[in-house]
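The values are calculated or read from the model by the stated rules, or taken from the named source; none is laboratory data. Worth saying up front: this structure is predicted, and the values here are computed from it rather than measured. Cβ: placed from backbone, ideal geometry, glycine included. Neighbour counts: every protein chain shown.
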Amino acid sequence: MDLSFLNELNESQRSAVEYTEGASLVIAGAGSGKTRVLTYKIAYLLKNGMAPSSILALTFTNKAAREMKERIAAMVGEKTARYLWMGTFHSVFSRILRSEAERIGYSKNFTIYDSADSKSLVKTIVKELKLDDKVYKHGFVQSRISYAKNNLITPDAYLANADLIKADVTSRIPLMKDIYQIYCNRCKQADAMDFDDLLLQTNILFRNHPDTLQKYQQLFGYILVDEYQDTNFAQYLIVKKLAEQHEKICVVGDDAQSIYSFRGANIDNILKFKSSYKNARVFKLEQNYRSTQTIVNAANSLIDKNAQQIRKTVFSEKETGKPIKVLSVFTDFEEGFIVANNISDLRFSDKYHYQDIAILYRTNSQSRVMEEALRKQGIPYRIYGGLSFYQRKEIKDVIAYCRLVCNPNDEEALKRIINYPARGIGDTTVNKLIECSQLHAVSAWEVLSDMLKYNLPVNAGTANKLAQFRSMIDVFAEQITTQNAYDLANSVVKVSGVIADTYTDHSPESMSRQENVQELLKAIHEFCETKQANGEPTALLPDFLSEVSLLTDQDTDKETDKDKVTLMTVHAAKGLEFKAVFIVGMEEELFPSPFCTQSERELEEERRLFYVALTRAEELCYISYAKSRFKNGKTNFSNPSRFIKDIDEQYLDMPAEAKPKQARINDWDDDMETERNRFKSSFSKPIFKENSLPVSPKRMVKISNSAGDKVPTENGSIPTGAFVKHGIFGIGKVLETSIVNGNEKADIDFGEKGVKSLLLKFAKLEVLE
Ligand SMILES: Nc1ncnc2c1ncn2[C@@H]1O[C@H](COP(=O)(O)OP(=O)(O)OP(=O)(O)O)[C@@H](O)[C@H]1O
Ligand SMILES: [Mg+2]
């Protein structure tokens, strides 16, 4: 047996991989190879003869699972790797739930409600109960339901829980318990599970059906969990039950990276691992292989400020590296511009590709300004989260059709498309239909199947339209097991009129809707082809749906062209690494989030989040803060984040202006007047012209934030105003030249390609006469 791959591990990693006798916990700081240990351990188990189908590996994202699988396939062969049970908790257990659904009263084609469906259902219930939605805020109610489910509190248990009832009264939402009950009933009626149900129902399945539990206990001979610090109670218990007999379990995690408590993650799961598994062995990894010494030391100095933590040693033997560059800017627009400029510099220094670079932010809403700046400079980027492909209206419409075809009881899907494209079934009719279904405690679909029996109060014309809609869906539904996913989806979009509806005009919006629908069909086609290539006998629509409904933020990247800058929230960046990382918006009221500064506990979680951000960087890290930010229609002044000064200043390269007063970084008020005046005067002349970047040379100096090392040139080798030709960007006009760190640089307007800042020694420019 060839175990030479173990030589790619250090001693501690190797011991963790080779220990397979019982439960083990690998607890270690960022970048120390925890995920690598899991990957190699799986390969090790396989090489030792374990069947792939008896290994269960749970990751935080599907992307992480895919990458791990690819790596393992390279070590043990693709055929073996294919049969591993590997994925997120949600995807693995939804697969198990599908095959066991009937045991807990669902059909195997049950729908998975996404967060928007859950919210819409909450909204409907709050409205039906005639409650004030300013008090019973939808998002809040939804998060209470999610909390209950993740802690395995069913509606009955909720009623019996004096603390929860009291908390609801205090929050002035005493009917929360009723909403929760109705919510669960409605999901059941619709044969739908929300995300949290996938964990709750798995627990119910295992609790109520010991034989089923036993089956999976025997099936999974080894269980591995990545990012264990972010598991919640429901996840903890599933794993605990499955590993109960043999305790062949290995979990890896870092308490310093626990950042999901708002979703019910419980850091205690990792802290009490040793008491949950009596004979557990703990392995510690100390060497960070990801980042430079500066980044590792900076991150250590930051996390050291948290009182709650398991003290760990993390060191790097990589090069010292450059200090973390702190960029101070006047506005959020300038922040975008400076970041884009720095990215161009990195790209044209030829050492970095765009795909080596990430921009991380605290909230999704910060992405827009960044995107705009990148677009203007012609920098390609991909964005995770926000309005991803599957969240677009036209895509949700088509998916809703497919959902209804696979599960006609799906009420949210039905509501979405019963009158789309318009077929004369108005809101009043839909409301009557839903009311009637509630009155008889059946699904809306059931009512449609026999409107007379259920006394649906509609006139003959409306009844006819409803009947037509029903028979259209019926025809599709009959084909779900005979047609493959692509053929069926194709007829659905045609017959339902969705295609015709997106072809109404030639406006850019309409064109983009058409393209999106085509893109979706293409994705379904690819899905079928992959299934076929894997030798699976069928590729049906319900299988496709269960796959797409579980995509996470990191999975919705459909682009083939990979060389792009990545934009994402810090939360989504967990587990990833990039050569250069820009952490933007490091300001008070933003990072830490204003909602998380009430208690030390919340602040510590925000600090951990910043720790996660810093430790994504391999070579270069930039932190930026703006002194003013446009928010909710007005400009707000902001202070630098308190977290910046948590980093030992020897690892920072502070902006020149802040240097003499570093000790007072939070003591902004004194300077505020001067800053404000500078800021106001910067607006007295137009900074941005349409489709272009700042053009004033003076301005360029100012916003460079490194006034010391960047000066405009009067007599550069290319005169301002000259026309030049570039191999990639074509013909452009030189706006300005300057010297940066001794190198001559030109800002050139390449028209549609945007304005680029190019270092002349790298850019091969031809000056045109
Ligand atoms: N022994 C090793 N030799 C060479 N490279 C290694 C070694 N161990 C880990 N690495 C590399 O270091 C980087 C970080 O490893 P990995 O992602 O497994 O760390 P992690 O502990 O899971 O990090 P995080 O806490 O961010 O999830 C990866 O690029 C990995 O390939
Ligand atoms: Mg990892």
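Checking Met75, Met50, Met68 one by one, the residue that is within 17 Å of Met1 (Cβ to Cβ), within 16 Å of ligand 1 (Cβ to nearest atom) and assigned by the TED database to the domain that holds Asn208 is Met75 and no other. Just one of (1) away from ligand 1 (no atom under 16 Å from the Cβ); (2) in contact with a Ser or Thr (Cβ under 7 Å, 6 or more places away or on another chain) fails for Ile182. It is (2).
For the range 202-230, residues that are within 22 Å of Lys69 (Cα to Cα) and free of Cβ contacts under 8 Å to residues at least 40 places away in the same chain total 0.
Once the range 59-75 is narrowed to residues that are within 19 Å of Leu550 (Cβ to Cβ) and of a type in the set (Lys, Arg), the residue that is modelled with the lowest pLDDT is Lys63. Once the range 567-580 is narrowed to residues that are away from ligand 2 (no atom under 16 Å from the Cβ) and more than 14 Å from Thr61 (Cβ to Cβ), the residue that is surrounded by the fewest Cβ atoms within 10 Å (Cβ to Cβ) is Lys579. Does the range 385-406 hold any residues that are outside any helix (DSSP H, G or I) and either of a type in the set (Gly, Ala, Ser) or buried (at least 22 other Cβ atoms within 10 Å of the Cβ) (or both), and which are they? Correct list: Gly385, Gly386, Ser388. Flag: Leu456 matches the condition of being of a type in the set (A, V, I, L, M, F, W, C), over 26 Å from Ser115 (Cα atoms) and assigned to a loop (DSSP other than H, G, I, E, B).
So is Ala298 buried (at least 24 other Cβ atoms within 10 Å of the Cβ), out of contact with any strand residue (DSSP E or B) (no Cβ under 7 Å at 6 or more places or on another chain) and not β-branched (Val, Ile, Thr) or not? So Ala298 fails the test.
Consider the range 25-53 and keep the residues that are under 29 Å from the mean Cα position of the chain (by Cα) and over 18 Å from Glu70 (Cα atoms). The one that is farthest from ligand 2 (Cβ to nearest atom) is Leu25. Can you find a residue that is under 27 Å from Thr124 (Cα atoms), in a loop (DSSP other than H, G, I, E, B) and without any contact (Cβ under 8 Å) to a residue 24 or more places away in the chain anywhere in the range 502-515? No: zero hits. When Lys47 is tested against (1) more than 30 Å from Cys187 (Cβ to Cβ); (2) charged (D, E, K, R); (3) surrounded by 18 or more Cβ atoms within 10 Å (Cβ to Cβ), only condition (3) is not met.
From the list Leu58, Leu121, the one residue that fits, being more than 20 Å from Arg403 (Cβ to Cβ) and either assigned by the TED database to the domain that holds Tyr401 or crowded, with 20+ Cβ neighbours inside 10 Å (or both), is Leu58. Of all the listed residues (Leu614, Leu609), the sole one being at pLDDT 95 or above, in contact with a His (Cβ under 9 Å, 6 or more places away or on another chain) and within 16 Å of ligand 1 (Cβ to nearest atom) is Leu609. Residues in the range 450-468 that are surrounded by fewer than 19 Cβ atoms within 10 Å (Cβ to Cβ) and touching a Lys or Arg at 6+ places or on another chain (Cβ under 7 Å): Pro457, Val458, Lys465. Set side by side, the residues Ser328, Ser365 differ, and just one is in contact (Cβ under 8 Å) with a residue 60 or more places away in the chain and among the polar types (S, T, N, Q), which is Ser328.
For Glu600, the requirement of being more than 19 Å from Ile295 (Cβ to Cβ), buried (at least 21 other Cβ atoms within 10 Å of the Cβ) and away from ligand 2 (no atom under 16 Å from the Cβ) is not met. Going by the structure shown, is Thr80 within 30 Å of Asp543 (Cα to Cα) and either within 16 Å of ligand 2 (Cβ to nearest atom) or not assigned by the TED database to the domain that holds Asn203 (or both)? So Thr80 fails the test. Of all residues in the range 734-748, those that are modelled with pLDDT of 80 or more and not small (Gly, Ala, Ser) total 8.
Looking at Leu545, Leu590, Leu551, just one residue is closer than 23 Å to Ser115 by Cα and in a loop (DSSP other than H, G, I, E, B), and that residue is Leu551. Number of residues in the range 11-24 that are within 16 Å of ligand 2 (Cβ to nearest atom) and surrounded by fewer than 23 Cβ atoms within 10 Å (Cβ to Cβ) equals 1. Cβ-Cβ contacts under 7 Å between residues 6 or more apart (or on different chains), taken from a first residue in the range 9-30 that is touching a residue at least 40 places away in the same chain (Cβ under 8 Å) to a second residue that is part of a helix (DSSP H, G or I) and more than 16 Å from ligand 2 (Cβ to nearest atom), are listed as Thr20/Leu45; Leu25/Phe273. Of the strands (runs of 3 or more DSSP E) lying entirely inside the range 269-380, those containing at least 1 residues that are over 23 Å from the mean Cα position of the chain (by Cα) and not charged (D, E, K, R) span 281-285, 324-331. A single member of Leu576, Leu520, Leu567 is part of a loop (DSSP other than H, G, I, E, B) and not acidic (Asp, Glu), and it is Leu576. Residues in the range 256-268 that are in contact (Cβ under 8 Å) with a residue 60 or more places away in the chain and crowded, with 20+ Cβ neighbours inside 10 Å: Ala256, Gln257, Ser258, Ile259, Tyr260, Gly264.
So in the range 639-651, with the set limited to residues that are buried (at least 21 other Cβ atoms within 10 Å of the Cβ) and out of contact with any helix residue (DSSP H, G or I) (no Cβ under 6 Å at 6 or more places or on another chain), which one is nearest to Ser32 (Cα to Cα)?
Filtering the range 639-651 for residues that are buried (at least 21 other Cβ atoms within 10 Å of the Cβ) and out of contact with any helix residue (DSSP H, G or I) (no Cβ under 6 Å at 6 or more places or on another chain), the one nearest to Ser32 (Cα to Cα) comes out as Ile644.
Ala256 - would you say it is of a type in the set (Gly, Ala, Ser), part of a helix (DSSP H, G or I) and within 16 Å of ligand 1 (Cβ to nearest atom)? Yes: the conditions hold for Ala256.
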